Amino acid sequence: MGRGKRKYSCMDAGADEWSSRLGFILASIGSAVGIGNIWRFSTIVGQNGGGAYLVPYLCAVFLVGLPMMILEMQTGHRLRAQVVQAFHRARSPLRHAGWIVCILVTGIIGYYLVVTGWTLAYVVFSLSGTRELFPAFTASFAPIISFLASAAICGAVISFGVRKGIERITTFLVPAIFVILTGMVLIAVQLPGFAAGVSYFLTPDFSVLADPLIWGAAIGQVFFSLSVGYGALLTYGSYFRSGEEIPRSAAIVTAADLAVAFLAGLVIFPIVFSYGLEPAAGPELAFTTLPLAFALMPWGDVLAVVFFALLFFAAISSAISFLEVPTVTLATMARIPRRRAAALMTIVVSLVGLPAALSYSAYPLHIGGVPVLDLMDEIFGTFGLSVSGLLIAVTFSWFVGPEVIWGDISRLSLFMRIVVPLCRYVIPAALVIVIVFRVLSWFLPAG
Ligand code: PFF
């Protein structure tokens, strides 16, 4: 191995590897299952007419999301590289695209940690029995404190490394998420509005399938929800030694992600319908609407703690995977120890996210009348994610020999023979369409 190769070795960053395939799968589920499944998914379903949205969503999961996840994990595993070095291996000038991905991912963590902080604050409120209303919360400086606390927690976990930090915590958080959700579904089933909630959530209305905007929204949400497009799973794949199982592991992660989104819907909509709340309430559904219902429910105080703990566990395990991307990149490229890189990146994301945190605080920072957090969600969570996903999909399915990523092509399974062309043609085409529609939507009047 020449000096050039050593220069980019992940091991230099003090990065280790997963202890087992289960550790890799749990960490990847931790990354995928996040606020996107519980808060963003139910919001988008609510705003796009309920069950109608599920058809494009499921198509997007299987035609675009799962293949992209396999591509990312497989690329990380085969190239054994973090994002920038993986792009560099494809073609040296493409490393700049790797840096673009790193910058975009740093933007997304900034605002994602703000929402993670809200969930942390609501865990604390519900533990202390305080019924803090969202407007009162966001009129204080508490969102800043909870944001900085969340950033510090992520940085601390990452500084312990892959196995002792990320794997250890996700091995606790991911099972806890499933236990809590299952318990909450069992409670939701007994609510009077269960049938109405489920039929709103699950009845498909095929007439919306002609609306291209719904398809674009579904692809964007699938990328966000499955954590693909930002190199997080590429990075996690690089810590996975025995990668023959990657397609099956990715299928398990996708199934778990779908399961959490569905179970969350089976909890949220029955509550909404049982207590006469507004299903299309928008992003405040989790923080404003549901606490009203908890206040009316038997054992509501306990339910509130459990629900916000669920949100917090889901959010923090995803935020950790985001932060890992620029941290390990910085550690390898600048050849500094992981701990120092984690500390530096924690400071960077705290600064990047501060305007978003302020925008929902006593100092409401808006640009053009829009809270900075919402702008960052649009720029990094929606638009940036598509751009970054396009860079990854095109680079690793067009600029690297297929045998480098997939091994002996003639020996691929039937499933993988479908996945490879999906990565080469369908994903880039879908993302170009999503980006074009997004850009058009900025210039065309709404409606
Ligand atoms: N998948 C996470 C969620 O659903 O909330 C968000 C996410 C995490 C997106 C990590 C992208 C990523 F790299």
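General observations
- Sequence ranges 72-83, 198-209, 261-272, ranked by mean other-Cβ count within 10 angstrom, highest first: 72-83, 261-272, 198-209
- 222 nm mean residue ellipticity, helices alone, for the chain (DSSP H n ≥ 4; -39,500 (n - 2.57); rounded to 500): -21500 deg cm²/dmol
- Calculated accessible area for the chain comes out at 39 Å² per residue, all protein chains present (probe 1.4 Å; ligands, DNA, RNA ignored).
- Largest accessible area first, the listed residues ASP377, ASP408, ASP257 line up as ASP408, ASP377, ASP257 when surface is computed with a 1.4 Å probe on the assembled protein chains.
- Note on the range 324-424: Kirkwood radius taken over Cα pairs, Stokes-Einstein applied at 37 °C and 0.692 mPa s, translational D equal to 192 µm² s⁻¹.
- The length gained on full extension between MET297 and ARG411, counted as 0.36 nm times the residue separation minus their Cα-Cα distance, comes to 35.4 nm.
- Simple spin-label estimate for SER242 and GLU278 gives 5.4 nm between the two label positions (7 Å along the Cα-to-Cβ direction from each Cα).
- Among the helices of the chain, those built from whole DSSP H runs whose Cα atoms reach 27 Å or more along their own axis and whose mean Kyte-Doolittle hydropathy is at least 1.6 are 168-189, 246-274, 300-333.
- Compared with the rule-of-thumb size 2.2 N^0.38 Å for a compact globular protein, the chain has a Cα radius of gyration ratio of 0.94.
- Element breakdown for the chain at a 1.4 angstrom probe: carbon and sulfur atoms account for 70% of the accessible area.
- Taking all protein chains as shown and a probe of 1.4 angstrom, TRP398 keeps an accessible surface of around 110 Å².
- Protection proxy ranking, highest mean first, for peptides 130-139, 217-226: 217-226, 130-139, where packing is the per-residue count of other beta-carbon atoms within 10 Å, averaged.
- Note on MET416: accessible area approximately 10 square angstrom, rounded to 10, probe 1.4 Å, nucleic acids and ligands left out.
- Computed over the chain: relative contact order in percent, which uses C-alpha pairs under 8 Å that are six or more apart: 35 percent
- Counting charges near TYR122 (Lys, Arg +1; Asp, Glu -1) among other residues having Cβ under 15 Å from its Cβ returns a value of -2.
- Simple spin-label estimate for ALA156 and VAL426 in nanometres, 7 Å along Cα-Cβ: 4.4 nm
- Estimated FRET transfer efficiency (GLN47, TRP442; beta-carbon r; R0 22 Å; 0.05): 0.75
- For PHE141 and LEU365, the difference between the fully extended length at 0.36 nm per residue and the C-alpha to C-alpha distance is 79.4 nm.
- Taking 0.36 nm per residue of separation and subtracting the current Cα-Cα distance, fully stretching the chain between THR171 and ILE336 would add 56.6 nm.
- With the charge dipole of the chain set up from +1 on Lys and Arg Cβ and -1 on Asp and Glu Cβ about the Cα centre, the Cα lying farthest toward the positive end among the listed residues LEU58, ALA309, LEU412 is that of LEU412.
- Count Lys and Arg as plus one, Asp and Glu as minus one, and take only other residues whose Cβ is under 13 Å from that of PHE380; the net charge is then -2.
The values are calculated or read from the model by the stated rules, or taken from the named source; none is laboratory data. This one's a predicted model, so the numbers in the text were calculated from it and none came from an experiment. Cβ sites come from the backbone with ideal geometry, for glycine too, and all protein chains shown count toward neighbours. The protein model used for the area step is the full one, side chains on, heavy atoms only, and it has no ligands, DNA or RNA in it. Shrake-Rupley method; radii C 1.70, N 1.55, O 1.52, S 1.80 Å.
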